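Contents: one structure, followed by commentary.
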Amino acid sequence: MIYLIIFLVLIFYVFYRLYQYFYPSPNVDPRNKYVLISGCDTGFGLALAIELDKQGFNVLAGIYTIDNKISLIDKLSSRATIFRLDITRQEDIDAAYDMINKKTNTLHALINNSGISRSGYIDWITVDLMRTTMDVNFFGHVAMTKKFLPLLITKRDSRVVNICSIYGFISGPAKSGYCASKYALESFSDCLRREMAAWGLRVSIIEPGFMQTPMIQGHNPFVQNLWNSLPIDVKDRWGEEFFNAEIKQIATNVFIQNAENFNKVVHALRHAVMNTNPCIHYKPGWQSSLFFSPLSMAPTWLADLIIARICGSGVLPAGVRKQHVE
């Protein structure tokens, strides 16, 4: 009986996806609709701002570094508004709200895109580094959402789009701060969706794997600087051999080497903003949909084994080798 149920569910799912493919939901009319995007300096935010501007939306593009304003002006139409926005500073958020509220009393979409990635073993990173990661990747988005919620619920079918990660549903070594922030953002998104359902607010979560963005390109220098700043006792505990093996492993990681085109994420974001029937979860790219998502549902012992094979260097920390000798 259970096999029959599974078979019927699979058949239903296949027909549903075929129906979606051949009869897609229409898009909204972008005219006179305002969308607010944080983190438009580079990567997903920059590409999405350009794409939605081309579609006809009034783009409100927040940038962290004001020097990026000139180059962004050349890429956007006169409808767009570009402004300095540090989502960890409440005064920046308040100023953005006052400026936007003078333009419109209704937001069609808030895209929480700003983010940082700070990697390192728990024994290596500081609590302050963990807090910084949480401030940008989680608390900043919470503050933005709470501030702009009144402008989002003035009409039904507005939406909040949170850019999360595969690390919002599966955790890997040396990613504790990043994973914690993304897990928190996933939970916040689920709560927001369920709490605001009566208002007709749509909430979508984007969960990509490794993409070709500046974030992964700056990984190794950060880890090297982190190692150099560690206390002597921590370095002795792990050893130079272990650290060098970790750096090599990162450089040869199959998922980083095969990082996908970030336009896959931009297409998912565009659908979440424009479509009349946006998805709750988007897993753009093969890494997220075909590998990490199934892995997150595997038995814990199996997931641990696979992650250890993928992320492990095979070199034991110096302290562990010392234990074996003793």
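So who's got an amide H within less than 5 Å of the one on residue 211, skipping anything under 5 residues away but keeping other chains? H placed 1.01 Å off N, in plane.
Amide H to amide H, under 5 Å and 5 or more residues apart or across chains, residue 211 pairs with 260.
State the Cα centre-to-centre distance between the range 272-326 and the range 180-223 in whole Å.
16
Counting only other residues whose beta carbon sits under 12 Å from that of residue 228, what net charge do I get with K and R as +1, D and E as -1? Spell out each step's value before the answer.
Details: positive: 235; negative: 240.
In short, 0.
Mean-square fluctuation check for the chain, GNM, Cα pairs under 10 Å: which of 115, 172, 62 is largest?
172
Of the residues 287, 20, 90, which exhibits the maximal mean-square fluctuation in a Gaussian network model of the chain defined by a 10 Å Cα contact cut-off?
So, out of 287, 20, 90, the one fluctuating most is 20.
Skipping prolines and chain starts, which residues have an amide H placed within reach, meaning under 5 Å, of the one on residue 175, given they are 5 or more residues away or on another chain?
Result for residue 175 returns 120.
Which listed residue (206, 242, 301) has the Cα farthest towards the positive end of the charge dipole for the range 203-326, taking +1 on Lys and Arg C-beta and -1 on Asp and Glu C-beta about the Cα centre?
206
Run through the DSSP bridge list for the chain and note the antiparallel percent, rounded to the nearest 5. Can you show the working numbers first?
Numbers: 1 of 24 bridges.
DSSP beta bridges in the chain are roughly 5 percent antiparallel.
Size of the dipole of the chain about the Cα centre, Lys and Arg at +1 and Asp and Glu at -1 on the beta carbon, nothing else charged, in debye to 20?
Numbers: 32 positive and 27 negative charges, 214 e Å.
Here the size comes out at about 1020 debye.
Taking amide H atoms as placed 1.01 Å from N in the peptide plane, list the residues 5 or more away in sequence, or in a different chain, whose amide H sits under 5 Å from that of residue 111.
36, 37, 38, 161
Per-residue HN-Hα couplings for the range 185-191, Karplus 6.51 cos²θ - 1.76 cosθ + 1.60 at θ = phi - 60°, whole Hz, x for Gly and Pro?
5, 4, 5, 4, 5, 5, 4
Hey, got a sec? Which trypsin sites (Lys or Arg not before Pro) in the range 294-326 land in a DSSP loop and have at most 16 other Cβ atoms within 10 Å?
Working: sites: 309, 321, 322; in loops: none.
In loop regions of the range 294-326 (DSSP not H, G, I, E or B), there are no sparsely surrounded trypsin sites (Lys or Arg not before Pro).
Can you give me the Cα centroid spacing of the range 24-54 and the range 132-177 in angstrom?
17
Using label points projected 7 Å from each Cα along Cα→Cβ, tell me how many nm separate residue 290 and residue 305, to one decimal.
2.3
Run lengths n ≥ 4 of DSSP H only: what is the helix-derived mean residue ellipticity at 222 nm for the chain, with -39500 (n - 2.57) per run over all residues, to the nearest 500? Present the calculation step by step, with values, prior to reporting the outcome.
Working: 16 runs with 167 residues, N = 326.
Mean residue ellipticity at 222 nm (helix-derived): -15500 deg cm²/dmol.
Springs between alpha-carbon pairs under 10 angstrom, Gaussian network model over the chain: which of 237, 270, 202 fluctuates most?
For the chain, modelled as a Gaussian network with Cα springs under 10 Å, the answer is 237.
Please tell me which of these pairs span more than 20 angstrom C-alpha to C-alpha: 102/147; 75/283; 69/283? Before the final figure, lay out each step's value.
Working: 102/147 15 Å; 75/283 28 Å; 69/283 31 Å.
Result: 75/283; 69/283 exceed 20 Å.
Values in this text are rule-based calculations from the coordinates and carry no lab data. Because the structure is predicted, anything quoted here is derived from the model rather than measured. Methodologically, a virtual Cβ is constructed for each residue, glycine included, from the backbone with ideal geometry; neighbour enumeration extends over all protein chains shown.
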